[in-house]
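The values are calculated or read from the model by the stated rules, or taken from the named source; none is laboratory data. These figures come from a predicted structure and were not determined experimentally. Counting neighbours? That spans all protein chains shown, and the Cβs are built from the backbone with ideal geometry, glycine included. Heads up: the accessible areas ignore ligands, DNA and RNA and are worked out on the full protein's heavy atoms, side chains in. Shrake-Rupley method; radii C 1.70, N 1.55, O 1.52, S 1.80 Å.
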Amino acid sequence: MPMASDSFEIKPLSGSVGAELLGLDLARDLSQETFEAIHRAFLDHQVIFFRDQELTVDQQIEFARRFGPLLVDPFIKSADERAELMEVVREKHEARAFGENWHSDNTYLEKPPLASFLYAKEVPPYGGDTVFSNQYLAYESLSPGMRAFIDGLRARHAPWGYHNAIGLGQFKNGGMKLRGEDVVNEALKIEALHPVVRTHPETGRKALYVNRAYTIRFEDWTEAESRPVLDYLLTHAIRTEFTCRFRWAAKSLAVWDNRCLLHQAINDVHGFRRAMNRVVAEGDRPY
Ligand code: SIN
């Protein structure tokens with residue numbers, strides 16, 4: 001296995017995306033050099049995983065802040081007094097999973113997140129994996145004709161795409177709590193216009209940037225007109241050969257790049273609790 005630096009190894013998870021970083025203890029102070037090597041692996045593999053990490057919430061937040069300032073979710077109440085902390089919980093009785101539609105986090109925001117940091121506290125004995133899909137490859141594998149067609153297009157993203165499909169009702173008796181009704185009603189009005197193909201601000205590579213949860217239509221097109229092309233792109237975006245699948249264990253941490261990656265929480269946990277701590281680093285305006 002290739003050594004990324006003196007202090008850790010990189011073990012790719014599939015031929016197209018994702019790698020486990022072995023031999024690091026994130027609870028310790030990381031030197032700038034080690035952080036830069038981790039960051040390089042994050043850019044190279046789009047999602048990186050760490051196992052057996054004893055992390056307090058503050059340590060998770062501190063690590064995430066090295067990537068950038070953290071974002072407060074407009075819909076979900078934070079788990080405690082730390083506004084940035086979201087507990088992604090699925091109780092035993094719940095039928096739905098938060099994040100079960102393929103998406104990139106919060107793309108309805110003008111400045112959608114750069115990265116998300118998900119730490120497993122309690123996991124089911126089986127099921128509840130997360131899958132990721134590489135959107136550089138999704139873009140690069142389109143025909144030259146389709147690439148030319150979508151290169152200048154922009155699309156509208158709205159949170160109600162997701163919430164309509166899943167239903168705000170899923171939160172009524174679940175482990176995750178919505179903010180107050182007024183706050184949620186205001187948040188449901190948020191919309192953003194983003195390029196369908198974005199250029200990654202750090203790697204300079206182009207990535208497909210639409211998702212099933214939040215993208216509703218192309219700019220100046222109706223939803224009905226947009227649907228066939230969007231459906232094509234959304235199906236193409238998650239072709240198996242662009243993906244990797246992560247099997248969680250308690251104390252695993254995943255860090256994914258929302259600018260070039262889609263992900264999905266697989267909704268196959270029945271009769272078990274799953275509880276994760278999530279924080280998200282702010283991104284910039286896609287271009
Ligand atoms: C998310 O979409 O942020 C949650 C993913 C997961 O719980 O696996």
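Quick look at the values:
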| quantity | calculated |
| --- | --- |
| Nearest-0.05 FRET efficiency for D182 and E140, computed from C-beta distance (R0 35 Å) | 0.20 |
| Förster-model FRET efficiency, 25 Å R0, Y232 and Y126, C-beta, rounded to 0.05 | 0.15 |
| Estimated distance in nm for a label pair at E202 and S14, the labels positioned 7 Å out from Cα along Cα-to-Cβ | 2.1 |
| Given charges at Cβ of Lys, Arg, Asp, Glu: the stretch 36-158 dipole, positive-most of Y108, A83, S141 | S141 |
| Size of charge dipole - the chain - debye, nearest 20, with Cβ of Lys, Arg +1 and Asp, Glu -1, no other charges | 600 |
| 17 Å Cα cut-off, lysine pairs counted over the stretch 77-222 (separation 8 or more, or different chains) | 6 |
| Rounded if a/c under 1.5, otherwise prolate or oblate - the stretch 114-270, Cα gyration tensor axes | oblate |
| Probe 1.4 Å, protein heavy atoms only - accessible area per residue of the stretch 9-282 in square angstrom | 42 |
| Helical mean residue ellipticity (222 nm; -39500 (n - 2.57) per DSSP H run of 4+; nearest 500) of the chain | -6500 deg cm²/dmol |
| Dimensions (Å) - the chain, Cα atoms, principal axes, largest first | 51, 45, 33 |
| Ranked by how many other beta carbons lie within 10 Å on average, peptides 123-130, 101-108 from highest | 101-108, 123-130 |
| Tensor-based shape of the stretch 8-148 (alpha-carbon gyration tensor, a/c under 1.5 rounded, otherwise prolate or oblate) | rounded |
| DSSP-defined antiparallel bridges as percent of all bridges, the stretch 1-120, nearest 5 | 75 |
| Relative contact order computed over the chain (Cα-Cα under 8 Å; 6+ residues apart), in percent | 36 |
| Accessible surface of the stretch 11-60, 1.4 Å probe, proportion on carbon and sulfur as whole % | 43 |
| Label-reachable residues, the stretch 118-150, where backbone N falls under 17 Å from a point 7 Å from A249's Cα toward its Cβ | 119-130 |
| Selection from L261, A250, I150, by position along the positive dipole direction of the chain (Cβ) | I150 |
| Antiparallel DSSP beta bridges within the stretch 9-282, as percent of all bridges there, nearest 5 | 95 |
